[in-house]
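Taken together, the values in this text are just the output of simple stated rules run on the coordinates, not laboratory data. This one's a predicted model, so the numbers in the text were calculated from it and none came from an experiment. Note: ideal-geometry Cβ built from the backbone for every residue, glycine included; neighbour counts use all protein chains shown.
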Amino acid sequence: MMPAAFSFMTATEILFGRGQAGQAVAKIAALGPRVLMVHGRNPDRADWLCDALAASGTAVARFAVPGEPDMDLIAAGLRAARDHGAASVVALGGGAVIDAGKAIAALVPTTRPILDHLEVVGRGLPLDTAPLPFAALPTTAGTGAEVTRNAVIGVPEHHRKVSLRDARMLPRLAVVDPALTDGCPRAVTLASGLDALTQVIEPFTSTRANAMTDALCRDAIPQALPALMRLMKGEDSAARDTMAWVSLCGGLALANAGLGAVHGLAGPLGGLTGAAHGAICGALLPPVLRANRRAVTDPALGQRLDQVGHWIGAAFGRPDATLDTACGLLADWSRQAGLKRLADLGIAADAQSDAAEAAATSSSMKANPALLPTETLRAIMAEA
């Protein structure tokens with residue numbers, strides 16, 4: 001049977017596998033003679049790439065991203081890029097670093113204020129000029145931001161995290177080298193891994209799923225939890241490779257099929273409290289799956305949710321588990337592995353109430369498999 005028509009967009013080139021980061025230096029240098037290197041809090045972790053680019057004749061300026069990006073940080077990054085005369089931007093780090101680099105690359109050539117291009121709190125206008133060439137090298141396995149067309153930016157005055165989005169923001173080069181994730185701290189591995197799991201489940205159960213995203217998600221979902229469980233027991237390079245693949249699949253899928261209520265709530269919750277995105281997603285995933293199964297009216301989407309339950313159950317030796325049982329197993333294991341409840345992440349009841357209201361305008365909610373009223377969203381957060 002011929003699949004239904006769909007479109008699929010992604011990075012211009014994806015390099016995947018151990019050793020690809022070192023092999024990519026020439027490709028990164030070819031993006032422009034002057035590069036802004038966006039990295040995390042510790043600049044030493046970017047030395048190898050900065051030195052390699054400098055040796056190739058590329059002029060490198062650095063910009064540090066110590067946390068999740070907000071308006072002030074992006075504005076500072078734009079000043080750094082323009083002062084350097086950057087012709088390209090490279091981001092080496094986790095999802096926050098990649099989002100910051102992606103936003104800077106997108107906004108350097110623009111003539112409008114940042115807010116004109118932001119969703120929800122701004123005008124949501126498309127970029128008026130094509131972004132600078134952008135390359136992304138993730139050092140965590142979670143967000144898949146190296147192959148998405150948006151960047152999430154905090155807007156403190158609105159207590160929201162919202163997207164800057166344009167199809168031209170897809171990176172010119174995505175280098176997914178699992179070796180860059182080796183030795184990632186246990187807590188970061190858990191939170192980012194649960195985010196990666198969420199980001200292959202939500203596109204699979206999305207109302208916008210298509211044959212290409214289904215192929216990616218069906219391969220990735222069954223592999224995610226077993227690999228993450230191994231990493232919670234100790235460092236495991238094969239499990240790191242698997243989680244890098246799962247994260248990449250999630251980025252590819254969500255950019256083309258959308259997400260759901262987990263991310264619809266996680267954006268407002270993160271903006272209201274500053275809690276880590278991956279930890280929020282990990283706490284929300286089981287109760288959102290349960291609520292979606294109760295509320296879904298499309299039999300085909302109900303079957304997909306049940307299949308997710310079987311895949312999760314299989315990781316615990318229970319392949320015939322119902323979705324409800326599987327969600328209980330996942331929630332218990334996550335807490336035992338160190339994941340905090342929402343209240344323990346500093347998310348108080350008033351923030352949860354505000355997030356339930358704000359989620360209604362979230363782009364992620366548009367593809368959720370079921371309509372979840374505000375009361376249900378509040379119950380989800382209470383359970384989480």
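Summing Lys and Arg as +1 and Asp and Glu as -1 over all other residues whose Cβ lies under 9 Å from the Cβ of Thr110 gives a net charge of -1. Please report the base-10 log of the normalised intensity I(q)/I(0) for segment 13-179, using a Debye sum with one equal scatterer per alpha carbon and no solvent, at each q in 0.09, 0.15, 0.19 (1/Å). Debye curve over Cα of segment 13-179, log10 I(q)/I(0) at q = 0.09, 0.15, 0.19 Å⁻¹: -0.25, -0.72, -1.18. Applying 1/(1 + (r/R0)^6) with r as the Cβ-Cβ distance of Leu371 and Ala55 and R0 = 45 angstrom yields a FRET efficiency of 0.20. Where a ≥ b ≥ c are the square roots of the eigenvalues of the C-alpha gyration tensor, would you call segment 198-282 rounded, which needs a/c under 1.5, or, failing that, prolate if a/b is larger than b/c, or oblate? Because a/c hits 1.5 or more and a/b fails to exceed b/c, segment 198-282 counts as oblate.
For the pair Trp48 and Lys233, the difference between a 0.36 nm per residue extended length and the Cα-Cα distance amounts to 63.6 nm. Can you tally the net charge around Ala11? Count Lys and Arg as +1, Asp and Glu as -1, for every other residue whose Cβ sits under 13 Å from the Cβ of Ala11. Result for the neighbourhood of Ala11: +3.
Note on segment 162-240: Rg/Rh from Cα positions, Kirkwood definition for Rh, rounded to two decimals, is 1.01. Exposure proxy ranking for Leu194, Leu329, Leu164, based on other Cβ atoms within 10 angstrom of each Cβ and starting from the fewest, stands as Leu329, Leu164, Leu194.
Could you work out the helix-only [θ] at 222 nm for the chain, with each DSSP H run of four or more residues adding -39,500 (n - 2.57) and the total divided by the number of residues, to the nearest 500 deg cm²/dmol?
Numbers: 14 runs with 192 residues, N = 384.
The per-residue figure over the chain is -16000 deg cm²/dmol.
Ordering Ala187, Ile221, Val155 by Cα displacement along the dipole of segment 122-244 toward the positive end leaves Val155 in first place; charges were set at the Cβ atoms of Lys, Arg (+1) and Asp, Glu (-1). The equivalent ellipsoid of segment 231-362 has semi-axes of 24, 20, 16 Å, largest first, where each one is the square root of 5 times an eigenvalue of the Cα gyration tensor. As a proxy for reagent exposure, Ile280, Ile221 were ordered by neighbouring Cβ count within 10 angstrom, fewest first; the result is Ile221, Ile280. Both numbers refer to the Cα atoms of segment 95-229; Rg and Dmax are 16.1, 48 Å. Here the Gaussian network model covers the chain, with springs between Cα atoms less than 10 Å apart; of Leu285, Leu305, Leu15, Leu15 fluctuates the most.
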